[in-house]
Amino acid sequence: MRTYIGRQQAISTEDFAELALGTPVELWLGVEGESHEERAAREDVARDILADDPDLPDDLIRMAAQIIEDNPDLFDVIPLTRPARRRRAARKGVAA
């Protein structure tokens, strides 16, 4: 099954998020290893986008709430048990 946002096909989860938001996810979350200058430039662009569309945060919250409501199993957590610790065997042949 193919998923389209407008006329664009969303191939991956990242594509879907970018098309739904209208901006790359990295703009809001950043990227690993970005320099101070890159982060400052990214945040400036994000501020400009928010200034142009002040309702964007509310729209995103509504979108997230709808996704959670439609997919309650997203937050099903299954606790994992930790394996028992093994004690190190006493070293053989060590004189006291």
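Observations on the structure shown:
- Residue in the stretch 8-54 that is most open to solvent (accessible area, probe 1.4 Å), counting only those that are among the small types (Gly, Ala, Ser) and within 21 Å of Ile67 (Cβ to Cβ): Gly22
- Residues satisfying the stated conditions in the stretch 7-16, i.e. part of a loop (DSSP other than H, G, I, E, B) and under 16 Å from the mean Cα position of the chain (by Cα): Ser12
The values are calculated or read from the model by the stated rules, or taken from the named source; none is laboratory data. Please read all numbers here as calculations on a predicted model, not as lab measurements. Positions of Cβ are generated from backbone atoms using ideal geometry, with glycine treated the same way; all protein chains shown enter the neighbour counts. Accessible surface is based on the protein model in full, side chains and every heavy atom, while ligands, DNA and RNA are left aside. Shrake-Rupley method; radii C 1.70, N 1.55, O 1.52, S 1.80 Å.
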